[in-house]
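Down below is the structure, laid out as structure tokens.
FYI, it's all coordinate maths here, none of it is from the lab. Not measured: the values here are computed from a predicted model. Using ideal geometry, Cβ is built from the backbone for each residue, glycine included, and neighbour counts are taken over all protein chains shown.
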């Protein structure tokens, strides 16, 4: 079996889709599948081509046994919709012209968003005689429209038309959450849709094998500090202002809040922090994946917020899995599917009402005041993700499905 993965985002970039797709590729390869990847020159999140890949260097490479082909992409630090569209469509164009020179494949698995990559995917699947698998990690353009990120009626109409065509052309659609799966099934009942969740490498994120480290000392925390940790993109959808607002009211407690990551809301969050002159908010830059087990072992609770939108009731932020595998309980501000899995079923943390500062503060204080219950939540957390979200089991499920198609 030969599979070509088409994605705008891939290691050495750091991020959820990058890790998820690479981990899937490795596991499929271990089952005897020939997996190759067609992707862009690394540039995320700073929107600047990595130094190692400038001047036409490393357009082909191998990472962990996976052959990688890279094509040019337009990058700009501008946050304008025009610059963003140039970024998307430049890779749509170059990925097709790079990909058409490859050999034939049995399957082409394309990652969406960006949805516009569907243009290249449909053309390449025909050129390379490959059956198309459309992997949906976020419902575009629906989420962009509901978040107010895209308001142009013409662009939205074009995007919805493209979405329909991509689904109709695919032999299989895979959704990262059951919310995504059910949404697509409801709107396009004639399509074949399967659940392909994100997950975690439970052998890599293993607190028993992760040595103690100096994360707390290195960042100036005291022995009695209770650390609430957010690690991920600093974006609009996350609504991270709530962490700073809660920190303002909890400044006389042992609560310390770490916000680690990069993204479009970074400047806004820093300005809010400066305005309140808080000593219990700490901003850290993104780090390599290899450092995350040690960090998660060093903190007390992982905070996972999202804006209060019905759209997010089907969302499961990827940062959840690594935290739970490291026995770090959740302070979860995501209603719906994530709450059902990790609060109701796993009992691996506490839920707070999204965008409700008082609700977050109440639950934060519960963690601080109940260390034994907090520890028990962490134990249950690892048990649950091991049973339901082990990457090995997820890859095996996809492999079996493709074998039977």
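Which order results if 117, 109 are arranged by neighbouring Cβ count within 10 Å, fewest first?
Fewest-to-most ranking of 117, 109: 117, 109.
Any idea what the relative contact order of the chain is, in percent, if you count C-alpha pairs under 8 Å spaced at least 6 apart?
Once normalised by length, the contact order is 12 percent.
Could you please rank 56, 313, placing first whichever residue has the fewest other Cβ atoms within 10 Å of its Cβ?
56, 313
Going by alpha carbons, how many degrees (0 to 90, nearest 10) lie between the helix axis of 371-388 and the longest principal axis of the chain?
Here the helix axis deviates by roughly 10 degrees.
Per DSSP H run of at least 4 residues, take -39500 (n - 2.57); add these up for the chain, divide by its residues and hand me the 222 nm value, nearest 500 deg cm²/dmol.
Theoretical 222 nm ellipticity from helices: -12000 deg cm²/dmol.
So between residue 277 and residue 182, what do we pick up on full extension, going 0.36 nm a residue minus the alpha carbon distance?
29.7 nm
Run the simple label-point estimate for residue 85 and residue 222 please: 7 Å along Cα→C-beta, distance reported in nm.
5.4
What spacing in nm lies between the two simple spin-label points modelled at residue 52 and residue 168, each 7 Å away from Cα in the Cβ direction?
4.3
Go through 36-42, 263-269 and give me the packing order, highest mean Cβ count within 10 Å leading.
36-42, 263-269
Which order do 272, 4 fall in if you start with the one that has the fewest other Cβ atoms within 10 Å?
272, 4
Using a Förster radius of 45 Å, what is the FRET efficiency between residue 366 and residue 101 based on their Cβ-Cβ separation? Nearest 0.05, please.
So the FRET efficiency works out to roughly 0.20.
Given that just one value was derived from the coordinates, which of (i) 5, 22, 32, 26, 12, 3, 0; (ii) 5, 23, 32, 23, 12, 4, 1, 0; (iii) 4, 13, 15, 14, 13, 13, 12, 9, 5, 1, 0 is P(r) over Cα pairs in 10 Å bins from 0, in percent?
(i)
Quick one: compute a quarter of the convex hull surface over the Cα atoms of segment 215-388 and quote it in nm².
Working: hull surface 36.9 nm².
Mean projected area for segment 215-388: 9.2 nm², to one decimal.
Just report the Cα centroid separation between segment 264-312 and segment 48-81, whole Å.
27
State the three equivalent ellipsoid semi-axes of segment 130-264, derived from the C-alpha gyration tensor as the square roots of 5 times its eigenvalues, in descending order and whole Å.
In descending order, the three semi-axes are 40, 22, 11 Å.
Mind giving me the nanometre distance, one decimal, between the label points for residue 379 and residue 64, set 7 Å out from Cα along Cα→Cβ?
Result: 3.1 nm between the two label points.
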